[in-house]
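Below you'll find the structure, written out as structure tokens, and then a few comments.
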Amino acid sequence: MDYLKEAIYSAEDRQVAIGHFNISELAALRAITRAATELRVPVIIGTSEGEAEFIGMKQAAALILSLREESRYPIFLNADHMRELDKVKEAVEAGYDSVIFDGANLPFEDNIKKTKEAVELAKSITPTVLIEGEVGYIGTSSKLLDEVPEGAAVSEEDMTTPEEAERFVKETGVDLLAPAVGEIHGMVRSGKNPNLDIERIKKIRKAAGVPLVLHGGSGTTDEDFVKAIKAGISVIHINTEIRVAWRRGLEGMLKEDAEEIAPYRLLSDPGGKFTDPEEEVYKVVLKRLRLFNRLT
């Protein structure tokens, strides 16, 4: 049974969104799962190509499966922005619940062709795995930016159109769609990220016929998040925000206890004496999950 698909459609019916947060080590994973179980909401853990390479796809899948079985809680694992078919295959065989094939930087026709191949490959291995496709380039890096990434679709004429979304879903067979609706990967240092095109989200959801995913959520205003969820966004990706929080927590620990050398003590301080990476990530994730699930 495809529990992730059920969770996503249930979120859409209730006009809430599932939070998707990336990890590359245990402190962030502990923080994310703690926040989700505390609020009793489903959550998606993501690993990008780089993060998956660092952790290991089989290792990440085994870790999430053990957490899900132990807690009996809806914690899912997504392979985030896979750009090669062999990576899609590796993730599906490892046991990921979903995979994003990222062909957004390709010409539209090539994106359709490659994404369709990814869908067919993944479904031939595990028919219930969810495959997400992307239409519209929004940048590639989850980091602090001095300016909007070159070529990112933040102007109206460059964003995904309902017609493109309809054709893309029909011809590729994807389960989920990530359109370009004004968002970008990363966070602009000088201020908030561009506003989302809410009316476009509504039209794309109707035309696409599948749930929509918002990438590049870091830096988006709370008001835009709420409007986007009502318009048809069912999954929201946050990565840069928690990376910034993790870094802030680590800097705090090193400043407060410069002599500490045990990695686990630097990453998590159960006593709460110092600011630490786990606690800082937890605060961000808790705030976002509250907002996405209308618990504020």
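We did not get these values from a lab; they are worked out from the coordinates using the rules stated. This is a predicted model, so every value here is computed, not measured. A quick note on method: Cβ atoms are made from the backbone with ideal geometry, for glycine too, and the neighbour counts reach across all protein chains shown.
Values computed for the structure shown
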{"item": "Stretch gain in nm, segment Y3-D110, where the contour uses 0.36 nm per residue and the Cα spacing is subtracted", "result": "35.4 nm"}
{"item": "D102 long-range amide H proximity, modeled H, under 5 Å", "result": "M82, R83"}
{"item": "Helix-only CD estimate at 222 nm, as mean residue ellipticity for the chain, using -39500 (n - 2.57) per DSSP H run (n ≥ 4)", "result": "-15000 deg cm²/dmol"}
{"item": "Of K230/K287; K206/K283; K58/K170, those spanning more than 30 Å from alpha-carbon to alpha-carbon", "result": "K206/K283; K58/K170"}
{"item": "Spread of Cα-to-Cα distances over 10 Å intervals beginning at zero, given as percent, for segment 3-292", "result": "7, 29, 37, 21, 5, 1"}
{"item": "For a label point 7 Å along the Cα-to-beta-carbon line of Q59, residues of segment 24-41 with backbone N under 20 Å", "result": "24-33"}
{"item": "Exposed GluC sites (Glu not before Pro) absent - longest run of the chain, DSSP non-H/G/I/E/B, at most 16 other C-beta within 10 Å", "result": "151-258"}
{"item": "Label point distance in nm, K123-T221, each placed 7 Å from Cα along Cα→Cβ", "result": "4.0 nm"}
